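For reference, the structure discussed in these notes is given below.
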Amino acid sequence: MGWRWLVVLAAGCGGGTIEGDPALDGGDDALEDGATDAATSPDTRDTSVDVTDGAVDTDAGDTGSGDTGSAPDTGVVDTGSSTDAAPDAPAPTADPFFAISPDEATWGDAQATTLRGLGAGTVRFQFCNWPADKAALDAKVEIARKHGLSVLAEINYCTLYAPAAAADRQAYWHASFSDAGNAFSAKFAAAAGEIAAAFKGRVARYEIWNEPDAAPRPKTGWPGTKWPSATNVDWDGACGAYGYGVDYGQADWAICPRQLGVLTTNAFMAIVANDATAKVVAGNVLFHGDDGWVAKEYWKQVEASPAVAWHVTNKGRRPWDEVGIHPYGYPPGGKLEAQVKAFQALVTAPAKTVLTEYGWHSLSSADPNLYATEADAAKHLEATFPAMKAAGVPLVMWFNYLSAPGLDFGVRRADLSWKPAAKAYCKATAAPKCPAP
């Protein structure tokens, strides 16, 4: 696709580009498998939790939800529900394949009704500020269930305390990094287990982190050589030797691939120990660099990481059920399908590749790689769902429902008027009564 360095917002959305050397090439290094292929025991879920040693600090700082939507909806969140009480039976669910990122700031019955009317079957919530916001999260989940919407819970950089400054976050998350775990990975696994226990049977999928794959430094030539390539990249140094992503403005939520292997492995064991029916979605990588090479090479490193290899050897499978990707900027009709197929080849069976984010913005002054007119965005949306269904992708999370100033990805504008994409969503889902005119 040519020059493609994307910067995304913490809410999990497309943003601007970084100026720099356009000579970024893709790599084709062979994927290094662990000692045991997960396909030999695809249904094995060992629920014995073996997380790293270390005291778990239960103090969670308020890092904010990260959501950027600002237009009001008419729904009111009822925060009176509690995970201590037996939850009400949910409404019949829609097809979870059709997913959409809601506007969490205005989430309520009205928005849930609207999304179900569009034909959505899954919504995604960031599980921030745990455990202080437990009651609010419970209310969000119960509203979704009441309206027949499956829930994907994102456990990420906002779930627990993190320093405000990007460089400080990197130092905190990677402090005393070890493939056996560090203090942060122990806290993260503990939180994942607590969340899975609190929401047992009510969350269908847990997404572990979001867009962890920042641009790494080149291994040789730094700092004279500023930009990495698939064959000149320092992945190991990203685990603490330098501030991962700091050099490129991508450090706010970057996690080195070996640390993501640790976080995912321990979180997977903690989740399945408390809710064996929930699926765990690993990766959730952003496609950037020419031909999306950063996401692909990053994922190879995760698959080959010592923590994942340990789980394969000792538990007989990889510690995830699905692997999420964010292939922004690649339109359906050939390019998107090719990128998904290429990434599927890197994912060890029986895990499936899912799109935990995908969409197009209609702000001509923003990132040109992600831009489409409102009419073209609608065409892309309508074509994406059947194309991904044909590709064997079990979930597509369209980003997103409601636009905000400077973030024009929504199927609905910030003033609550409808874009053509809303009607296209209804057509893709065969919704019987579309709320969009």
VAL308 passes all but one of the listed conditions (1) assigned to a helix (DSSP H, G or I); (2) closer than 21 Å to LEU370 by Cβ; the exception is number (2)
Those residues that are more than 18 Å from THR348 (Cβ to Cβ), touching a strand residue (DSSP E or B) at 6+ places or on another chain (Cβ under 7 Å) and in a helix (DSSP H, G or I), I need them from region 233-292; list them, please. LEU263, ALA267, ILE271
Number of positions in region 101-138 that are in contact with a Lys or Arg (Cβ under 6 Å, 6 or more places away or on another chain) and assigned to a loop (DSSP other than H, G, I, E, B): 2
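Regarding ASN400, is this residue assigned to a loop (DSSP other than H, G, I, E, B), closer than 27 Å to GLY289 by Cα and in contact with a Gly (Cβ under 7 Å, 6 or more places away or on another chain)? Quick ask: steps written out before the conclusion?
Values: assigned to a loop (DSSP other than H, G, I, E, B): yes; closer than 27 Å to GLY289 by Cα: yes; in contact with a Gly (Cβ under 7 Å, 6 or more places away or on another chain): yes.
Criteria met by ASN400.
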Does ALA197 qualify as being touching a helix residue (DSSP H, G or I) at 6+ places or on another chain (Cβ under 6 Å), surrounded by fewer than 23 Cβ atoms within 10 Å (Cβ to Cβ) and assigned to a helix (DSSP H, G or I)? yes
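Looking only at region 200-212, how many residues end up being in a loop (DSSP other than H, G, I, E, B) and surrounded by 24 or more Cβ atoms within 10 Å (Cβ to Cβ)?
Total meeting the criteria: 5.
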Determine whether region 159-178 contains at least one residue that is crowded, with 21+ Cβ neighbours inside 10 Å, in contact (Cβ under 8 Å) with a residue 60 or more places away in the chain and in a strand (DSSP E or B). no
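Looking at region 374-383, is at least one residue under 20 Å from the mean Cα position of the chain (by Cα) and either within 21 Å of HIS288 (Cα to Cα) or surrounded by 24 or more Cβ atoms within 10 Å (Cβ to Cβ) (or both)? Please lay out each step first, then the result.
Of region 374-383, the ones under 20 Å from the mean Cα position of the chain (by Cα) are 381.
Now restrict to residues that are either within 21 Å of HIS288 (Cα to Cα) or surrounded by 24 or more Cβ atoms within 10 Å (Cβ to Cβ) (or both): 381.
There is at least one residue in region 374-383 that is under 20 Å from the mean Cα position of the chain (by Cα) and either within 21 Å of HIS288 (Cα to Cα) or surrounded by 24 or more Cβ atoms within 10 Å (Cβ to Cβ) (or both).
Take the residues in region 284-341 that are among the β-branched types (Val, Ile, Thr) and more than 18 Å from the chain's Cα centre (by Cα); name whichever of them is surrounded by the most Cβ atoms within 10 Å (Cβ to Cβ). If you could, list the steps in order and put the result at the bottom.
In the first step, residues of region 284-341 are kept if they are among the β-branched types (Val, Ile, Thr); the result is 285, 294, 302, 308, 312-313, 323, 325, 340.
Restricting the remaining residues to those that are more than 18 Å from the chain's Cα centre (by Cα) gives 308, 312-313.
Working: VAL308: 28, VAL312: 22, THR313: 11.
Step by step, filter region 284-341, then rank; the result is VAL308.
Filter region 403-437 for residues that are part of a helix (DSSP H, G or I) and over 23 Å from the mean Cα position of the chain (by Cα); which is surrounded by the most Cβ atoms within 10 Å (Cβ to Cβ)?
Initially, region 403-437 is screened for residues part of a helix (DSSP H, G or I), giving 420-429.
Filter again for over 23 Å from the mean Cα position of the chain (by Cα), leaving 420, 423-424, 426-427.
Working: PRO420: 19, LYS423: 20, ALA424: 25, CYS426: 21, LYS427: 15.
The selected residue is ALA424.
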State whether one or more residues within region 352-361 are touching an Asp or Glu at 6+ places or on another chain (Cβ under 8 Å), in a loop (DSSP other than H, G, I, E, B), touching a residue at least 12 places away in the same chain (Cβ under 8 Å) and crowded, with 24+ Cβ neighbours inside 10 Å. yes
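Taken together, the values in this text are just the output of simple stated rules run on the coordinates, not laboratory data. Only a predicted model underlies this, so the values are computations on that prediction, with no experimental measurement involved. Neighbour counts are summed over all protein chains in view; Cβ atoms, including those assigned to glycine, are modelled from backbone coordinates with ideal geometry.
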